[in-house]
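To start, the structure under review is shown below, and the notes come after it.
The values are calculated or read from the model by the stated rules, or taken from the named source; none is laboratory data. For clarity, every value in this text was computed on a predicted model and none was experimentally measured. Heads up, the Cβs are rebuilt from the backbone with ideal geometry, glycines too, and the neighbour counts pull from every protein chain shown. Ligands, DNA and RNA are excluded from the accessible area calculation, which covers all protein heavy atoms including side chains. Shrake-Rupley method; radii C 1.70, N 1.55, O 1.52, S 1.80 Å.
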Amino acid sequence: EEVPDAVISAASKKITSVSSPLRAIVRLRRRYRGLKKNRPHLELPREKPVEFVHTRLLQRQLSLSRTSLYGPSMSLFNQSGFESSQYFTFDTSVEHYSVKKCRRKKSRRKSRMVLYPDKTKKYLPAEEKSKAKRCLLLLIAIIFFQILNAIENLDDNLQKYDLDGLEKTMHREVFGQKVAVESIMELLKDYLATHIHNKPLVISLNGPTGVGKSHVGWVLAKHFRSVMDNDFVLQYFVMHHCPSGVAPLTCEIDLSKKISDMVTRAEIEEKTPVFILDEVELMSPVLLDTLSRFFEPNQTNEFLNAIYILISNLGGAEITKFVIQNASTELLHQPRGAEELVSIIQPVLVSVHPLWKAADIIPFVLLEKSHVINCFLEQMRREGLYPDQKHIENLANQLSYYTTGDKQYSSMGCKQVVAKVNLL
């Protein structure tokens, strides 16, 4: 059945009367959202005056009265709904506003993030390497190689003089003077490690007769003649080279010439000459003055590179007294005992002549009876004799000794050993 046109027109009018307010509501809501986006920094409204509140209520009542004209279909827009609704007004509560503000802050923080395009690549900044660091490493490497080269040069100099072989020979052939031998070798190693010095090396061997001083000088001369040319080693015996009948000035000229010529030749070949002067206590003051001039540090370079070995019996009485007083202790076999002996001997030597101020003094102590027996054994082997122990002890008993407690010290050392063996 066909519906009359009057009914259709009435229904369309009723629909339009309902849809037009809805469209108005949607437009208002969209506009409100746009304003809200465009004004993110709205200040929180403070307490509104009473008159403003009354006017707002009157406006709402008027709007409700107008909507009631559109029929019962608009009953959902009643007064209570409008009072509870916040779509059409800007009257928001404090809590709702604070929540919105927190949300805006969070969204604002997120919007501050830097968004890189997809096609771009992120690279870290290149670290610039400092050139000063490389220079420092290069400097450390140069210093290291310089030190290594210096150590190798020291080893080369010591190997050239074969001081290890000399030390073994000294310990094997010199009896009862372990501390003295170690002191001599330490001084020689320190001095011969390099060819550049600021003063010559002066070693003074002091002690009573027969304790091995001259034998040490003989061993040193033999060794340095084997590792160097014979022209760079001088053994000077005062009783032989400057006898009592010769004028001291002549001896002084002869000794000065020998030392000067040897030092000059040694400087050309970069070698260190060795001068072994025995029986120094018999030298005249003129010769001692000459030697003291060679010992001075303010000289030309060639005279600074030389080794002088002074052998004398000066200070023998002080050493004998010290050994007998300290026989019961182990002080004689320790470096501390040698230091005490040096402090006792040095004033005595300086009183004879000031040249001993520039010398390294090494005291030789008295030999015990066991050391004398070793001297007999060594001398008999050199002479090719059979070393009979009982016969050697009988020969040793013929010598004179200082007896202190359970120890016996030879008063003449091994001085008479050669004469006793020659009588066999």
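What does the charge add up to near residue 269, with Lys and Arg as +1, Asp and Glu as -1, over the other residues with Cβ less than 10 Å from its Cβ?
Values: positive: 265, 271; negative: 229, 231, 267, 270.
Around residue 269, the charge tally is -2.
To the nearest 0.05, what FRET efficiency results for residue 419 and residue 194 with a Förster distance of 60 Å applied to their C-beta separation?
Using R0 = 60 Å, I get an efficiency of 0.85.
Considering only protein heavy atoms and a probe of 1.4 Å, how much of the accessible area of segment 367-423 is carbon and sulfur, as a whole percent?
Details: 1580 of 3340 Å².
For segment 367-423, the apolar C and S fraction of the accessible surface comes to 47 percent.
Compute the length gained on full extension between residue 237 and residue 140: take 0.36 nm times their separation in residues and subtract their Cα-Cα distance, giving the result in nm to one decimal. Provide the component values of the computation, followed by the final result.
Working: separation 97, 0.36 × 97 = 34.92 nm, distance 5.27 nm.
Gain on extension, residue 237 to residue 140, equals 29.6 nm.
Excluding ligands, DNA and RNA, what is the solvent-accessible area per residue of segment 367-423 at a probe of 1.4 Å, expressed in Å²? Walk me through the intermediate numbers first.
On the way: 3340 Å² over 57 residues.
Computed with neighbouring chains in place, this is 59 Å² per residue.
Taking a temperature of 25 °C and a viscosity of 0.890 mPa s, what whole-number D in µm²/s does Stokes-Einstein yield for segment 158-366 with Rh from Kirkwood over alpha carbon pairs? Present the calculation step by step, with values, prior to reporting the outcome.
On the way: Rh = 17.6 Å.
After rounding, the answer is 140 µm²/s.
Going down the table (178/199; 257/321; 160/213; 189/420; 133/189; 133/199), which pairs top 32 Å between alpha carbons?
On the way: 178/199 27 Å; 257/321 40 Å; 160/213 25 Å; 189/420 37 Å; 133/189 39 Å; 133/199 41 Å.
Pairs exceeding the cut-off: 257/321; 189/420; 133/189; 133/199.
Using DSSP to define loop residues, name the GluC sites (Glu not before Pro) in segment 316-424 whose beta-carbon has at most 11 other beta-carbon atoms within 10 Å. Don't skip to the answer; put the middle values down first.
Numbers: sites: 318, 330, 339, 340, 368, 378, 383, 393; in loops: 330.
Qualifying residues, ordered by number: 330.
Tally Lys and Arg at +1 and Asp and Glu at -1 over the other residues with C-beta under 12 Å from the C-beta of residue 212: what net charge comes out?
Working: positive: 178, 213, 415; negative: 173, 378.
Neighbour charge sum, excluding residue 212 itself: +1.
For segment 221-276, run through the GluC sites (Glu not before Pro) and keep only the ones in DSSP coil with at most 15 other Cβ atoms within 10 Å of their Cβ.
Working: sites: 252, 267, 269, 270; in loops: 269, 270.
When the GluC sites (Glu not before Pro) of segment 221-276 are filtered for loop state and at most 15 Cβ neighbours within 10 Å, 269, 270 remain.
Which residues in segment 197-218 have a backbone N closer than 15 Å to a point placed 7 Å from the Cα of residue 344 along the Cα-to-Cβ line?
Inside the label zone: 206-209.
What chymotrypsin sites (Phe, Trp or Tyr not before Pro) does segment 302-344 have in DSSP loop regions with at most 10 other beta carbons within 10 Å?
Values: sites: 303, 308, 322; in loops: none.
Listed in order of number, the matching sites amount to none.
If Lys and Arg each add +1 and Asp and Glu each add -1, what is the summed charge of the other residues whose beta carbon sits under 10 Å from the beta carbon of residue 201?
Values: positive: 199; negative: 190, 360.
Overall, the nearby charge balance is -1.
Please report Rg (one decimal) and Dmax (integer) in Å for the Cα set of segment 367-423.
Values for segment 367-423 (Cα only, Rg and Dmax): 11.0, 36 Å.
How much accessible area per residue does segment 156-219 have, counting only protein heavy atoms and a probe of 1.4 Å, in square angstrom?
Averaged over the residues of segment 156-219, the accessible area is 42 Å².
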